[in-house]
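Everything on this sheet refers to the single structure shown next.
The values are calculated or read from the model by the stated rules, or taken from the named source; none is laboratory data. Because the structure is predicted, anything quoted here is derived from the model rather than measured. With ideal geometry, Cβ positions are generated from the backbone for all residues, glycine too; neighbour counts draw on all protein chains shown.
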Amino acid sequence: MAKFIEAELQHLKKELGEMWTLVYNQLDRVGEAVLTNNRELAEQVLVRESRVNAFELKIDSDIEDMIALYNPVGVDLRLVLAVSKINSNLERLGDFAEGIARFMRDCDMVVFDADLIHRLNLNEMIKEVLEMLYNAKQAMDEENIDMANSVFMKDNVVDEINAAAPHVLAQYIQKDPSSTLFCLNMISVFRKLERAGDHITNIAEEIVFYIDAKVLKHQGKAHKETTD
């Protein structure tokens, strides 16, 4: 029986890894779309969103079968529960990528202001979110607590960039009132990226739970930082 459980767990982790890669690519593409005003990349993200949803449903179904057939306990149960919650968080990340892609597809800004994008530190924010997601995957693959903890500090950087963005955009609107709608939509982009960071932090918490049986949820970022 143990051999069958191990095989199913490895299959579950493989499926999750494939979904993880897909979601990473979605965020990477939509980030590039925003930074370069590339609507074609945004369309690619929208087309692939259905694959993210299909992965989520398949993994959910496999988790249900795993629990019903094998009744896992101990570390095996922690892995199954972690995969379930990570799966849900990855699907939300896919939703954020889709939302940003829709903004880019529908954006009617005639002249794309690269200087504004630079002053907003959008490139840095996207980079940090992608690194968070990459580090979380490495932590899961390698069962590495230190790698999981590195995600929490990066989320602080994402939060700081998000907090500064409204002021920069408000100043831009004052100089060019015709940009108001665009700037309001950009605030939504920043909010989605900030929320993406929160969900990746949730993923890191689940990895710590799986590896170390420690529950970090609801304990606050200050506590998490002390674990680094």
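Among the conditions (1) in contact (Cβ under 8 Å) with a residue 60 or more places away in the chain; (2) touching a helix residue (DSSP H, G or I) at 6+ places or on another chain (Cβ under 6 Å); (3) more than 17 Å from ILE200 (Cα to Cα), the only one that GLY94 does not satisfy is (3).
On the basis of being closer than 17 Å to ARG119 by Cα, in contact with a Leu (Cβ under 9 Å, 6 or more places away or on another chain) and not hydroxyl-bearing (Ser, Thr, Tyr), does VAL151 make the cut? No, not satisfied. For ALA114, the criteria (1) exposed (fewer than 14 other Cβ atoms within 10 Å of the Cβ); (2) under 23 Å from ALA42 (Cβ atoms); (3) modelled with pLDDT of 90 or more hold in every case but one, which is (3). Would you call ALA136 modelled with pLDDT of 95 or more, crowded, with 22+ Cβ neighbours inside 10 Å and among the hydrophobic types (A, V, I, L, M, F, W, C)? Judged against the criteria, ALA136 is a match.
The residue that is surrounded by the most Cβ atoms within 10 Å (Cβ to Cβ), among those in the stretch 1-59 that are over 26 Å from CYS183 (Cα atoms) and of a type in the set (Lys, Arg), is ARG48.
Scanning for something in contact (Cβ under 8 Å) with a residue 40 or more places away in the chain and in contact with a Ser or Thr (Cβ under 6 Å, 6 or more places away or on another chain), does the stretch 57-64 turn up at least one residue? Yes.
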